[in-house]
Amino acid sequence: MNKCIWCNKEIIANCSVSQLLTFKKLDPQIICEDCELKFDPIEMTKCCPNCHRKQMDQLICQDCLKWQKKYPSYFLKHDALYSYNEFGKKWMERFKFTGDVRVAKMVAERLSKAIKRHKEVDIIIPIPISNKSFENRGFNQTEILLNIAEVPFVTILENRSIEKNQVTKNRRERLNIVQPFFIKSELKDSVRGKNVMIIDDVYTTGRTILYAVECVLSGGARKVETLSLFR
């Protein structure tokens, strides 16, 4: 009998008649139904069509209208899996800041399926963290998510930020950060003419994602899509 990765409760597997008759080996369940329901999947009919911010209509949100003015030549089409609710924040705290990377398995299958829906992607690029964050944490959480979801990626971008961690910043400070990203010199031509997808763990204001988009477009990318686990 398996136990839920999150709450450690025993999971009783429910098998269909067809599964029993085919004697097909079942993948072990790693999350119980109660914990699964704590995630808040974003419904396509109840979110901003540009950034997937959860709302009751499909109008472009005020944040995206402001970004359209700043980036008139780039049409933001961001994809996100879950609303960043209270459970999402607790999950991220456990995964990102206590280092319990096992919980990434809870979202791995859904993340993989979401990425596969984007058919015309040549290169997947995770948002890089700063050297200081890597020293403190020991891993890039977005790379861990992609590894566990068995999604291939290339670490093309470098984060040279020397500012304090994003988590400690308020909204104004997040919006006022300077461009932290650069394409690694040895990979400067790797995105030229390619369809790129940029992946992050959480989309908050959009500032980080759009700086990464700006950097990749300046490197000659033909098309750039973005996706995050939470919005």
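The values are calculated or read from the model by the stated rules, or taken from the named source; none is laboratory data. Fair warning: this is a prediction, and the values are worked out from it, not measured in the lab. For neighbour counting, all protein chains shown are included, and Cβ atoms are generated from backbone atoms with ideal geometry for every residue, glycine included. Note: accessible area is taken over every heavy atom of the protein model, side chains too, but ligands, DNA and RNA are not part of it. Shrake-Rupley method; radii C 1.70, N 1.55, O 1.52, S 1.80 Å.
Structure summary
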read-out	value
Proximal charge balance of Met1 [Cβ under 11 Å; K/R count +1, D/E count -1]	+1
Of every Cα-Cα pair in the chain, the percent that sits beyond 25 Å	45 percent
Whole-Å semi-axes of region 62-151's equivalent ellipsoid (Cα gyration tensor)	25, 18, 15
Debye, to nearest 20: dipole size of the chain, +1 on Lys, Arg Cβ, -1 on Asp, Glu Cβ	460 debye
Area of Arg160 that stays accessible when all protein chains are in place (1.4 Å probe, Å², to 10)	130 Å²
Nonlocal amide H pairs with Ala80, under 5 Å, H built at 1.01 Å	Ser228
Environment charge at Ala149 (Cβ cut-off 12 Å; Lys +1, Arg +1, Asp -1, Glu -1)	+1
Residue (of Ile144, Gly193, Pro180) at the positive-pole extreme of region 121-231, dipole from beta-carbon charges	Pro180
Helix 105-116 vs. the chain, principal-axis angle (Cα, 0 to 90°, nearest 10)	60 degrees
Sequence of Leu65, Leu210 when ordered by accessible area, the most exposed leading, probe 1.4 angstrom	Leu65, Leu210
Rounded to the nearest 10 Å², the accessible area of Asp34 at probe 1.4 Å	90 Å²
For region 129-219, convex hull volume per residue from C-alpha positions, Å³	106 Å³
Partner lysines for Lys188 [C-alpha distance under 20 Å; skip if fewer than 8 residues away on the same chain]	Lys223
Hits among aspartates and glutamates - C-alpha to C-alpha of Lys69 under 17 Å, sequence gap 8 or more where chains match	Glu214
Arg172, Arg94, Arg231, ranked by accessible area, largest first (probe 1.4 Å)	Arg172, Arg94, Arg231
Over 30 Å (Cα to Cα) - which of Lys46/Lys184; Lys113/Lys194; Lys3/Lys113 fall in this group	Lys46/Lys184
Accessible area in the full protein assembly, largest first, 1.4 Å probe, for Asp79, Asp122, Asp57	Asp122, Asp57, Asp79
Per-residue [θ]222 nm for the chain (sum of -39500 (n - 2.57) over DSSP H runs n ≥ 4, rounded to 500)	-8000 deg cm²/dmol
Two-decimal Rg to Rh for region 67-117 - Kirkwood Rh, Cα set	1.12
Ile198 long-range amide H proximity, modeled H, under 5 Å	Ile125, Glu225, Thr226, Leu227
For region 133-164 and region 39-118, distance of Cα centres in Å	18 Å
